[in-house]
Structure formats: C-alpha cells, structure tokens
Amino acid sequence: MAASRPLPPPDRALRARMAAHASWAKTSDPAARTAPAREAMRTRFLDEVDPDRVLPEAERVRRAGHARQAYMAGLALKAAKARRLRSEADQLDTEAAEAEGAA
C-alpha cells in the first residue's frame, strides 16, 4: 500500500469544512453543543476585567461585555488586514502574469 501524500492546504480546508457540516448535520441541540465554549469565553472576559471578583456583578458583566467587543474588533481588524494583504498579493500576481504574457 502506497503512502498517501498530504493534501494541499485548500483541499484540507474543504475536507475540514465537509466534516464540520456533516458533524453539525448530526447535532440535535446546537446550543448545548456550544455551551461549554460560550461559558469558557464568558469566564475568560470576566477574569480579564475582574480576576478577584471585587466589582459588583452588574459592573463586572458590563466591563466583560466591552472586553469581548474589543476582542472581536481586534479579530475583525486582523481579518481585514489579512484580506487586504491577500488582495495586494493577488494583484501583484495578476500584474506579473500580464507582464509575462505581454513579453
């Protein structure tokens, strides 16, 4: 039996996406499945803003909400930067191909 070669990244991403969809198709209660992750995220931000739990609950929750929004905004910024860099690289590839074709 021949050893299989690793899949290229785009194929791996598609295979992972297929597996995720198949898994979610078999899930009867999506909220229950993701509850541990949501609780971990909630605890993370509560710990970040008030690790000693000295603030009143309402203030701790308010600050944790803002910490979560700041985190998500940071992810959005990183994603936008990655898209911009990818777009610029694609543009350079296109220009190089056009220049090569013209030569």
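The values are calculated or read from the model by the stated rules, or taken from the named source; none is laboratory data. Here the structure is a predicted model, which is why all the values come from computation and not from measurement. Note: ideal-geometry Cβ built from the backbone for every residue, glycine included; neighbour counts use all protein chains shown. The protein model used for the area step is the full one, side chains on, heavy atoms only, and it has no ligands, DNA or RNA in it. Shrake-Rupley method; radii C 1.70, N 1.55, O 1.52, S 1.80 Å.
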Task: Boolean, ALA58 is open to solvent by less than 70 Å² (accessible area, probe 1.4 Å) and assigned to a helix (DSSP H, G or I) - done: no
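Residues are listed down the side, and each one gets a yes or a no for (1) of a type outside the set (D, E, K, R); (2) loosely packed, with under 11 Cβ neighbours inside 10 Å:
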residue: ASP11; (1), (2): no, yes
residue: GLU48; (1), (2): no, no
residue: ARG68; (1), (2): no, no
residue: MET72; (1), (2): yes, yes
residue: ALA79; (1), (2): yes, yes
residue: GLU88; (1), (2): no, yes
residue: ALA103; (1), (2): yes, yes
Open item on the list: Among the residues of region 20-36, what is the count of those that are under 17 Å from the mean Cα position of the chain (by Cα) and open to solvent by less than 60 Å² (accessible area, probe 1.4 Å)?
Closed with: 2
Task: ARG5 modelled with pLDDT under 95 and open to solvent by 90 Å² or more (accessible area, probe 1.4 Å) - done: yes
